[in-house]
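The values are calculated or read from the model by the stated rules, or taken from the named source; none is laboratory data. Note that this is a predicted model, so its numbers are computed, not measured. Glycine also receives a Cβ, built like all others from the backbone with ideal geometry; neighbour counts cover every protein chain displayed.
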Amino acid sequence: MADKKTSEGKSRRDFLSILLSGGFFAWFIALLYPIYNFLEPPGEEEVKISHIDIGKVEDLEKDTGKIIKFGNKPVLVLRRSNGEYAAFGAICTHLDCIVQYRKDYGQIYCACHNGRYDLNGKNVSGPPPAPLQKFGVSIKGENVIVFEETK
Amino acid sequence: MNKNNPIKLTKRGFHWIDERYKLTDLFSFLKKKSVPQYRATIWYYFGGIALLLFTVQVVTGILLLMYYKGTQDLAYESVKYIDTKVNFGWLIRSVHSWSANLMVLSVFIHMFSVYFLKSFRKPRELTWYTGIGLLLLSFAFGFSGYLLPWNELAFFATKVGTDIVGEVPLVGEYFLKLLRGGEDVTGATLSRFFGLHVAVFPGLFTILLALHLIFIQRQGMTEPEDWKSKPVSEKQQIPFFPNFALRELIIWLIVINILAILAVFFPWEIGNKADLFAPAPEGIKPEWYFLFMFQVLKMLPGKMILINGEFFGILMFGIGGLLWILVPFWEKRTPIGIRNRLLTYFGIFVIIFIIIFTMLGFYLD
């Protein structure tokens, strides 16, 4: 059967081919959509905590630091040599490693790429592009409380 | 003579298949196949070495699968179990690790030899691209396999490696989450890497490898550039079968011996179990084939004129890598028989760069 051109210059064949390829395209999208979404991990259950009691003031020796679990985030709590407490998010701002307090440097140190921060969490040398996230510390009676500072 | 003696049986079996599938055609093809013989012939063996090592990977990988458990709680313990309890478990795992490293090394040598011999030129562009795909998959195999024992070093190497993916503008964040199975490197990441390592990558690798080999069979081996003006009588060739194949077989034997020596005398360490809440250990390093990039990123300052140092590094490696991959496109076609010097110098520069920064990565701090 010869194609009969309509006044707009489209034939019945064109119409069918658009319909079919469009249909195929839609089918393909419908196939990909669930796969694409399946691969996207469901939002993590954010462990909602606002503060955490990490124990007695004297538990942590002066001039040392330790990593605590703050929800599902690692937080570095350190006690300066004068006995003051400070806390920072322990995730290095460079490439996501976990930092540590180095007594011999008197600095916070990331072993992955030699990043260093001072005891206020400010990036002082090496590749880190930004300071560490600050956490608040308060002493309630005997106990040390670490809390997330509201921005 | 007995009618059922083995030789007769084999012949009858061959005839049975030949009658149906025309094996004779295949053999006449193999008989015609030849390899040019000249000073660079030695480099023609490295693709075959990579192929051998890939086969070793498949076999030892399947064996390890019998005992390995790909979850956060059990991965490290199951690898320890393989190393200490399973008969020859330490050997199989050590061979798997060493063979992986040797495979990447021979793929590298294979690629550089193809580059310097300019074998990527028309009509072999697609052989080059499938080869690049195989190289990238080898990296992906190495990177994903590195995490599977779930030890400290691997944990942090994966954190850093995936964080670099997150630096890519626009799509980075999405791919970071896709790879990690969430915001952070966790058991979800391990599951994904395990699946990729044992199912997705082997499948893709097999397809690309098949194409790569088919292309080579269709086009034959590259001849050196200055052969194009030579008469046929002056071109020295050796038959692929049996001459080249037997030589390759001897090289395979040597490689298997090297592999055995390395695996037995330098068994692969397992290290300490990863702890999501412990600081990164001293001296964390990725596998040697990522070391030069790692070292450059380590040495770049945090801020470089307006942009982030690590982003600058990644950008440079991205552009460099793309240039390398696209070499069949941009290489100025020099007249037949004339060497493209610039191309050679660029290749030598790349090799020296990689060697220097790899050494720095090994010996600094």
Worksheet item: Does B:Glu223 count as touching a Pro at 6+ places or on another chain (Cβ under 6 Å), outside any helix (DSSP H, G or I) and not aromatic (Phe, Trp, Tyr)?
Response: yes
Worksheet, complete the sentence: Filtering region B:255-310 for residues that are out of contact with any strand residue (DSSP E or B) (no Cβ under 7 Å at 6 or more places or on another chain), surrounded by 14 or more Cβ atoms within 10 Å (Cβ to Cβ) and assigned to a helix (DSSP H, G or I) leaves a count of 19
Response to the item:
Of the listed residues (A:Glu40, A:Glu61, A:Glu148, A:Glu142), the one being under 29 Å from B:Pro286 (Cα atoms), charged (D, E, K, R) and surrounded by fewer than 20 Cβ atoms within 10 Å (Cβ to Cβ) is A:Glu40
Fill in: Candidates A:Pro41, A:Pro34, filtered to the one that is within 14 Å of chain B (Cβ to nearest Cβ) and either at pLDDT 80 or above or over 30 Å from B:Arg192 (Cα atoms) (or both)
A:Pro41
Worksheet item: Got at least one residue in region B:68-80 being closer than 22 Å to B:Ile258 by Cβ and either among the hydroxyl-bearing types (Ser, Thr, Tyr) or at pLDDT 95 or above (or both)?
Response: no
Response to the item:
Note: among B:Leu208, B:Leu190, just one is farther than 26 Å from B:Tyr68 by Cα, in contact with a Gly (Cβ under 7 Å, 6 or more places away or on another chain) and in contact (Cβ under 8 Å) with a residue 12 or more places away in the chain, namely B:Leu208
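So that you can scan it fast, the table gives a plain yes or no per residue for (1) in a helix (DSSP H, G or I); (2) over 30 Å from A:Asn114 (Cβ atoms); (3) in contact with a Gly (Cβ under 9 Å, 6 or more places away or on another chain); (4) at pLDDT 95 or above:
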residue	(1), (2), (3), (4)
B:Met111	yes, yes, yes, yes
B:Phe120	no, yes, yes, no
B:Gly133	yes, yes, no, yes
B:Ala140	yes, no, no, yes
B:Pro149	no, no, yes, yes
B:Phe156	yes, no, no, no
Worksheet item: What number of residues within region B:15-40 satisfy the criterion of being touching a helix residue (DSSP H, G or I) at 6+ places or on another chain (Cβ under 7 Å) and in a helix (DSSP H, G or I)?
Response: 6
Fill in: Residues (out of contact with any Gly (no Cβ under 8 Å at 6 or more places or on another chain), free of Cβ contacts under 8 Å to residues at least 60 places away in the same chain and either over 21 Å from B:Phe141 (Cβ atoms) or in a loop (DSSP other than H, G, I, E, B) (or both)) located in region B:78-107
B:Thr84, B:Lys85, B:Val86, B:Asn87, B:Phe88
Fill in: Sole residue being within 13 Å of chain A (Cβ to nearest Cβ) and in a helix (DSSP H, G or I), chosen from B:Val200, B:Val185
B:Val200
Worksheet item: Quick one: which of B:Phe155, B:Phe175 is of a type in the set (Phe, Trp, Tyr), within 14 Å of chain A (Cβ to nearest Cβ), crowded, with 22+ Cβ neighbours inside 10 Å and closer than 25 Å to A:Thr93 by Cα?
Response: B:Phe155
Discussion item. As an exercise: evaluate B:Gly13 against (1) surrounded by fewer than 14 Cβ atoms within 10 Å (Cβ to Cβ); (2) touching a residue at least 24 places away in the same chain (Cβ under 8 Å); (3) more than 30 Å from B:Gln219 (Cα to Cα) and give the number of the one condition it does not meet.
Written reply: (2)
Practice prompt. Identify, from the list A:Lys122, A:Lys134, A:Lys69, the residue that is of a type in the set (Lys, Arg) and either out of contact with any Phe, Trp or Tyr (no Cβ under 8 Å at 6 or more places or on another chain) or closer than 30 Å to B:Phe362 by Cβ (or both).
Written response: A:Lys122
Item to complete: Those residues that are at pLDDT below 90 and within 13 Å of chain B (Cβ to nearest Cβ), I need them from region A:128-151; list them, please.
Response: A:Pro128, A:Pro129, A:Ala130
Fill in: Check on B:Trp324, part of a helix (DSSP H, G or I) and under 30 Å from B:Leu53 (Cα atoms)
yes
Discussion item. Being of a type in the set (A, V, I, L, M), farther than 19 Å from B:Phe241 by Cβ and at pLDDT 90 or above is true for just one of B:Leu51, B:Leu65. Which residue is that?
Written reply: B:Leu65
Worksheet item: Pick from region A:71-127 the residues that are basic (Lys, Arg) and surrounded by fewer than 22 Cβ atoms within 10 Å (Cβ to Cβ): which of them is farthest from the other protein chains (Cβ to nearest Cβ)?
Response: A:Arg80
Fill in: Failed criterion for B:Gln72 (all others in (1) farther than 29 Å from B:Lys118 by Cα; (2) in contact with a helix residue (DSSP H, G or I) (Cβ under 6 Å, 6 or more places away or on another chain); (3) surrounded by 19 or more Cβ atoms within 10 Å (Cβ to Cβ); (4) not hydrophobic (A, V, I, L, M, F, W, C) hold)
(3)
Practice prompt. Kindly list, by first and then second residue, each pair from a residue in region B:58-70 that is farther than 11 Å from B:Ser99 by Cα to a residue that is among the hydrophobic types (A, V, I, L, M, F, W, C) and part of a loop (DSSP other than H, G, I, E, B), limited to pairs with Cβ atoms under 6 Å and residues at least 6 apart or on different chains.
Written response: B:Tyr67/B:Val86
